[in-house]
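S.K.: Quick one: the structure is below, and I'll ask about it shortly.
No value in this document is a laboratory result; all are computed from the given coordinates. Everything numeric in this text was worked out from a predicted model, so none of it was measured. Here the Cβ positions follow ideal geometry from the backbone for every residue, glycine too, while neighbour counts run over all protein chains shown.
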């Protein structure tokens, strides 16, 4: 009789539970054991901030499965409060410390899905009870109890403005707490372009959040009423509670002790089928290294990828053909009050200095502009010299995520500016636009890259005002009493054809750097000036992006 | 001195105005004249139903441009109320009848963008004043005046349940009219899969719409208070007003008279760069024939395609490199009250009998199921035997359009089931799912196509109940007092492993056709039974799709 395979899975949340469930579907007769160090399996960790914010009112909604439900549904042997303390690769066994003491378990195949753990920088006081975390059900319960004890209106400092930090801020404001958000970087959500992050800064401040950027917590001490929090700029705050969400790192001590290959930063190295340096051990989820579409290698902490890596590891463990891991785009999204920020693929931070690329900014509404409720999405794309899309980011109301999902699909397919221009996307007035913002991104990128329509960037502004004539082609009502660059020449687009000579004289041999409100009319102006032999460049993104950029430049002073 | 090009454009709405504006951007010195037969140019014809429904309250929002604004902005010579009556291809001139009489204009290049016109079947009385249309601003004004005269509460019959008919119905219900919707096909939105159309039927009826499917208007006569409308089933209705939206056809008499090549159904034949059978005449928009990704050739009536064809025609006219027309997917969307229905690519209607394909149905919420407000999207995909996606349709709340936009991009890229499974899409609890519905479609298609997990369809049901054992693996609370197929064996999935022999005995050599609620647990059951050597197939889409399908079968009796 053929022996049944014995599969052990370490970690019972996203990647681990996806692996175990998939393995069962592939092999009804395998013996499958899942070890979870904590008391809960398969819980919705991405949902924790929303239970804190009372949006998900029923805590049990976060607990998707129990060991019992997994036993009856998938015949899985799930052991909670069970920590695997070592792996013996020669014997193919693991040592487990569980509720009934220490024991060992053998395996044919072993899948590591230990996840990530919170980064705790060496800040004095960061380990005090007044400082909470929000990565596990237990931490959430503790934080909620502390919040209730302090009562609404209390002052909470959130350290770290990544995804969880931002979601927690929103939750706390919803519940009526006073919130200070402290971030060491000069912006929230550091993966976001700085000019797009400005939109989030405005949204946070408009909801009363005390935003402290470019400063870090230096010391925390407990007081009778809460904490004393000293920041790197010398400020001392006195919050009643602190939530630390300072990022995470792969949890890989077990893999390291077993001699598996790790990256310098401690991520488990796997091949494109999740196989570690030991062919009988696979790894998936937050603990593993991935290769990005821009060539970088790093761990990444996203639930969707974790689930699919778990599935892939199970395929591999069960000898089933699988879909290899493609270069990772890192598509991610966060909602901050009424704004959604979404990213996919490479950003200017990873491209700058590494490869030549063009930044294209467009602004447009989520549906037909004449249909009520139209609000602007700010969409930025990064394109290779051959027109290929490398990355995209969007900030705006509902619909920013839709554009990024489409563009993530386009990047995966290797699409370029012309392909985006030709995509056929849903249009009816309440739902899209006849020329969707994604199409507009493609049109605009094509104009810039293929049609010899050079652009300038807000980063160039300090230099441009010294060397170029700035031409503003907005209409008077858009300028009067509103944002205007000093020393710019104002000629509304409809008058430009009659005033070419005026431009030529004002330029006096200098290049003309044009802008309008969103970037469209300045492109039309560029076409007109080019036809009259005037050297010029267009500001992609118009006064909207220009103001965002100026706010960034100002904050850097 | 080089002569400036002279470009004439016939038609001043979507395709025509896109062509003229693009031509100006490419050639500042060209002479560009646009002839529009009606009094308005560049109006938002897709917005008309929304002005009728008072969602777009300001009528001027629909009028995007005027001849004066187009003159000042783009130096276009736009002539309204000007009908081109003939083309002399030898002389390269057109004859125009305008406000100042008849004259002729020469051209170097001519772009035809005449659009489409309403189909008027030979129904007696369809030309009576009580019957309105909704394709032009004038028609809208006339319909609004008639509605106002009759007053809210009046009974309006809408003939034709295509996009405009459905949007008009919604608008009329919003305004408080009693609406009867008459459609000759057995369903609304005939491009939609019949089981998905059931969702729209329920939505329409739940808003009080009197839905008459499978019947056509046979005779209309005027009465003192409105109209008498006789239907093909003998029913006589007495609506106070009638709106006819019975579809459109290419407006191509001018092209025909000029001897340009037309399709049998009267669409202008163009190549992939919009060139007609005369190299100096281009055509774009609703009047031209396109090739679909499934190989069919036909005209199509979509604003987004019209705009891009206009742009392409201008590129070609100006000698500018252009992006050739790709095979058309026909992505389209309609909102009907709280339901959005969206389609892209091939449907079962065009695939059936032509090629082998697999239908895959999944149901899932627009964002994390545990986040409040989760509602089901019903998503159907059609896959080739090699796993390539051929078409997709979705019906549901917000988010159906997002999935179809992603899938339209995937089809254009030639993606297959495995690619969909690996797409990285935005996920946070209020915005998506860690395994998005698009990923689930890919997983499910892969299981069916590559992993030997055969499926059955609701169309097979009459046969299945005769030949197979139907196994229902839902839990008791999902079945008791709810939908249940007669003669099916009920074994909740968690009990299946212990009751395999019971299944085998009940089957008595017959194949087992499994279903659950959504199709996931029945797939797990299929895996278990297969592992025990039981021949079985899974109903993709579960009881949800089964009920939709039964409603279709019932209506066909």
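S.K.: Once you place label points 7 Å from the Cα toward the Cβ at residue A:375 and residue A:106, how far apart are they in nm?
M.R.: The modelled label-to-label distance comes out at 6.1 nm.
S.K.: Just from its helices, what would the mean residue ellipticity at 222 nm be for chain A, if runs of 4 or more DSSP H residues each count -39500 (n - 2.57) and the sum is divided by every residue, rounded to the nearest 500 deg cm²/dmol?
M.R.: About -9000 deg cm²/dmol.
S.K.: Just need the relative contact order of chain B here, percent rounded to a whole number, with Cα pairs under 8 Å and 6+ apart.
M.R.: With pairs under 8 Å counted, the relative contact order is 11 percent.
S.K.: Simple spin-label model, 7 Å along Cα-to-Cβ: residue A:235 to residue B:463 in nm?
M.R.: 7.2 nm
S.K.: With the Cα gyration tensor of segment A:455-556 in hand, convert its eigenvalues to equivalent ellipsoid semi-axes via √(5λ) and list them largest first in whole Å.
M.R.: Semi-axis lengths for segment A:455-556 are 21, 15, 12 Å.
S.K.: Translational D (Stokes-Einstein, µm²/s) of segment A:181-235 at 25 °C and 0.890 mPa s when Rh comes from the Kirkwood sum over C-alpha pairs?
M.R.: 198 µm²/s
S.K.: Based solely on C-alpha atoms, express the radius of gyration and the Dmax of segment B:1-132 in angstrom.
M.R.: Computed over the Cα atoms of segment B:1-132, radius of gyration and Dmax are 17.1, 61 Å.
S.K.: Which chain B residue puts its Cβ closest to the axis that rotates B onto A, and at what distance in whole Å?
M.R.: Rotation axis B onto A, closest Cβ, rounded to whole Å: B:413, 2.
S.K.: Then there is this: For a label point 7 angstrom out from the Cα of residue B:452 toward its Cβ, which stretches of segment A:1-34 have the backbone nitrogen within less than 14 Å?
M.R.: A:26-28
S.K.: Using a cut-off of under 17 Å, list every residue of segment A:236-264 whose amide N is near the label point 7 Å from the Cα of residue A:95 along the Cα-to-beta-carbon line.
M.R.: It comes to A:253-260, nothing else.
S.K.: How far apart are the residue A:57 label points across copies, placing each 7 Å from Cα toward Cβ, in nm, shortest first?
M.R.: With the label placed 7 Å along Cα→Cβ, residue A:57 yields 3.3 nm.
S.K.: Also, quick follow-up: Using Cα-Cα distances under 8 Å and only pairs 6 or more residues apart, what relative contact order does segment A:455-556 have, in percent?
M.R.: The value is 33 percent.
S.K.: Moving to a separate point now. Considering the Cα trace of the protein assembly as shown, what is its radius of gyration and what is Dmax, both in angstroms?
M.R.: 31.6, 100
S.K.: Next question, about the same structure. In Å, the Kirkwood hydrodynamic radius of segment A:278-344 over pairs of distinct alpha carbons?
M.R.: Taking the inverse mean of 1/r over all distinct Cα pairs, segment A:278-344 comes out at 13.3 Å.
S.K.: Considering the Cα positions of segment A:1-69, please state its Rg to one decimal place and its Dmax as a whole number of Å.
M.R.: 14.9, 55
S.K.: What is the ratio of the Cα radius of gyration of segment B:496-545 to 2.2 N^0.38 Å, where N is its residue count, to two decimals?
M.R.: This ratio for segment B:496-545 stands at 1.07.
S.K.: Over the alpha carbons of segment B:338-450, what is the largest minus smallest coordinate on each principal axis, giving the biggest first in Å?
M.R.: 43, 28, 22
S.K.: I would also like to ask the following. Can you pull the mean other chain C-beta count within 10 Å for peptide B:397-406?
M.R.: The shielding value for this peptide is 6.
S.K.: Can you give the direction-averaged projected area of the convex hull of the alpha-carbon atoms in segment A:76-159, in nm²?
M.R.: For the Cα atoms of segment A:76-159, the hull's average projected area reads 8.7 nm².
S.K.: As a test of understanding, state the convex hull volume per residue of segment B:269-394 from its alpha carbons, in Å³.
M.R.: Taking only Cα atoms, segment B:269-394 has a hull volume of 147 Å³ per residue.
S.K.: Let me ask something else. Calculated FRET efficiency, residue B:224 and residue B:148, Cβ-Cβ r, R0 22 Å, to nearest 0.05?
M.R.: 0.70
S.K.: For segment B:194-299, what mean projected area does the convex hull of the alpha carbons give, in nm²?
M.R.: In nm², the orientation-averaged hull projection of segment B:194-299 is 10.7.
S.K.: Here is a follow-up. If I model a spin label as a point 7 Å beyond the Cα along the Cα-Cβ vector, how far apart are those points for residue B:141 and residue A:81 in nm?
M.R.: It works out to 7.9 nm between the two label points.
S.K.: Residues of A:307-317, mean number of Cβ from any other protein chain within 10 Å of their own Cβ, rounded to a whole number?
M.R.: That average works out to 2.
S.K.: Sort largest first and round to whole Å: the equivalent ellipsoid semi-axes of segment B:116-165, each the square root of five times a Cα gyration tensor eigenvalue.
M.R.: 19, 13, 12
S.K.: Stokes-Einstein D for segment B:131-246 at 25 °C, 0.890 mPa s, Kirkwood Rh over Cα pairs, in µm²/s?
M.R.: 173 µm²/s
S.K.: Moving on to the next point. How high is the FRET efficiency from residue A:119 to residue B:508, r the C-beta distance, R0 51 Å, rounded to 0.05?
M.R.: Efficiency at R0 = 51 Å is approximately 0.25.
S.K.: OK, next. Using Cα pairs closer than 8 Å and at least 6 residues apart in sequence, work out the relative contact order for segment A:338-450, in percent.
M.R.: 30 percent
S.K.: How big is chain B by the Kirkwood estimate over distinct Cα pairs, in Å?
M.R.: 26.0 Å
S.K.: Taking a label point 7 Å out from Cα toward Cβ, give me the nm distances from residue B:533 to the same spot in the other copies, shortest first, one decimal.
M.R.: Computed spacing set for this position: 9.0 nm.
S.K.: Which distances, in nm and shortest first, link the residue A:397 label point to the same label point in every other copy, taking 7 Å along Cα→Cβ?
M.R.: For residue A:397, the inter-copy label distances come out at 1.8 nm.
S.K.: Give me the base-10 log of I(q)/I(0) for segment B:399-521 at each q in 0.09, 0.14, 0.17, 0.21 Å⁻¹, Debye formula, one uniform scatterer per Cα, rounded to two decimals.
M.R.: The Cα Debye sum returns log10 ratios of -0.36, -0.79, -0.99, -1.17.
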